[in-house]
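Enquirer: One structure, as structure tokens, below. Some questions next.
Computed from the coordinates by the stated procedures, all read-outs in this text should not be read as laboratory data. Values in this document were obtained by computation on a predicted structure and should not be read as measured data. When we count neighbours, we look across all protein chains shown, and the Cβ atoms used for this are built from the backbone with ideal geometry, even at glycine.
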Amino acid sequence: MTSLRAACALTLAITCASCGQPDRPEPVASEAPTSALAPLDLGRSDGTTFDPCHAFTPSELRNWGLTPQQVYAVGGVNTGLRGCEWESASNTEIWNLNMFVSNVTVQSMWDKGEKKIAVAGVDAAQHQEPEMCVVTLPAQRSSVSVNLGGDSGRAGIDLCAKAVEIAKGTLPKIPK
């Protein structure tokens, strides 16, 4: 399996598995994540210094409809990904955000057939399925994926429109 397919498969598995998890541990009850970033997977997620787990203020997360104190580290060693997951703040709109760093490039995603889009004038890739949308941005020698997943029929939002909105807010935070 190519590294791109492995990264997409893992992203999809994490997104789908996290929707509506009743056995998920309670998050830390602070306004910002207190745990360290998931460990770098050297050679597979070390192509940028961008840290999705600590890049956003609680206010930014709330403005996107997320609960700042419900953040979980995801990825880590041997996954090819590192990042965090946040849950929607709504009781009626059931969706979540996973933001990952991976050394998979946006160009390689286009080469594999992903849709080429522009986010605030920056070339990006988009992958869409019925219960998820992933917008991937270039980040130094790697990429940052904004991955929204929703429970079928209960997301209550246009997942790709929301992914693009969050990607636009993420771009200025990604080091050049």
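Enquirer: When only residues in the range 123-176 that are among the β-branched types (Val, Ile, Thr) and over 12 Å from the mean Cα position of the chain (by Cα) count, which is surrounded by the fewest Cβ atoms within 10 Å (Cβ to Cβ)?
Expert: Only one residue fits best here, namely Ile157.
Enquirer: What residue, among those in the range 67-118 that are under 16 Å from Thr170 (Cα atoms) and more than 13 Å from the chain's Cα centre (by Cα), is surrounded by the fewest Cβ atoms within 10 Å (Cβ to Cβ)?
Expert: Among those that are under 16 Å from Thr170 (Cα atoms) and more than 13 Å from the chain's Cα centre (by Cα), it is Ala118.
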